[in-house]
Amino acid sequence: MILKEKLRHRLNGARKVTVLGVGSELRGDDAAGTLSALYLQEAFKAHTLAVSLQILFGATAPENLTGEIKAFKPTHLLIVDAADTGKRPGTVVILKPEELQGISFCTHQLPMNILTDYLLKSIKCEIIIIGIQPKTLTFGRPVSRTVENAAKAVSKVIGDILEKIS
């Protein structure tokens with residue numbers, strides 16, 4: 001799986017990992033990031049890892065969690081969000097902060113590139129953005145099965161990699 005290999009490479013040397021799930025549960029597939037974080041949290045309730053793991057739910061204002069992120073001082077920050085990349089619904093992409101131009105992130109107030117620029121100036125860490133292509137962003141609609149499956153797959157891949165870090 002390409003996603004797993006790319007992410008394993010980017011998480012090389014991880015000691016402290018923050019996963020920031022972003023998105024609105026009120027707008028269909030925009031909840032992809034928060035769902036991934038929730039699935040990851042459930043998977044690691046009773047696990048002990050060699051890495052320190054912080055899971056945060058940024059909803060539509062992830063900038064409100066920058067203080068918590070800075071205090072934790074992660075070596076790696078994974079931001080999971082719905083991102084309109086023009087691909088098929090459920091498609092997962094891994095981006096670097098410098099690759100954010102031209103990508104539309106769905107419903108948060110502060111643009112993703114401003115958030116990542118601020119964090120990069122505040123803490124020294126590897127920032128990895130995981131975008132999941134939404135199918136629908138209609139207010140009041142549930143998450144599509146395609147995007148829900150992608151969110152589960154993303155959390156499983158992250159979990160599998162974190163379990164193998166020693």
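The values are calculated or read from the model by the stated rules, or taken from the named source; none is laboratory data. The structure displayed is predicted, hence computed values, not measured ones. Every residue, glycine among them, receives a Cβ derived from its backbone with ideal geometry; neighbour counts consider all protein chains shown.
What to note about this one:
- Number of the condition not met by residue 48 [criteria: (1) assigned to a loop (DSSP other than H, G, I, E, B); (2) β-branched (Val, Ile, Thr); (3) touching a helix residue (DSSP H, G or I) at 6+ places or on another chain (Cβ under 9 Å)]: (3)
- Scanning the range 42-77 for residues that are within 15 Å of residue 155 (Cβ to Cβ) and in contact with a Gly (Cβ under 9 Å, 6 or more places away or on another chain) gives 43, 44, 47, 55, 56, 57.
- The residues listed here are 26, 40, 77; of these, the one that is touching a helix residue (DSSP H, G or I) at 6+ places or on another chain (Cβ under 6 Å) and not hydroxyl-bearing (Ser, Thr, Tyr) is 40.
- Total residues in the range 122-166, condition surrounded by fewer than 14 Cβ atoms within 10 Å (Cβ to Cβ), not in a helix (DSSP H, G or I) and not hydrophobic (A, V, I, L, M, F, W, C): 5
- Hits in the range 70-102 - residues which are at pLDDT 95 or above, in contact with a strand residue (DSSP E or B) (Cβ under 6 Å, 6 or more places away or on another chain) and part of a helix (DSSP H, G or I): 72
- The set of residues in the range 125-151 that are more than 18 Å from the chain's Cα centre (by Cα) and free of Cβ contacts under 8 Å to residues at least 60 places away in the same chain contains only 145.
- Selection count, the range 103-121, where residues are closer than 19 Å to residue 29 by Cβ and either surrounded by 15 or more Cβ atoms within 10 Å (Cβ to Cβ) or at pLDDT 70 or above (or both): 6
- Qualifying residue in the range 27-44 (condition: closer than 15 Å to residue 129 by Cβ, at pLDDT below 95 and not in a helix (DSSP H, G or I)): no
- If you go through the range 11-26 and keep only what is within 17 Å of residue 133 (Cα to Cα) and small (Gly, Ala, Ser), you end up with 21, 23, 24.
- Residue that is nearest to the chain's Cα centre (by Cα) [pool: residues in the range 62-86 that are surrounded by 14 or more Cβ atoms within 10 Å (Cβ to Cβ) and among the small types (Gly, Ala, Ser)]: 82
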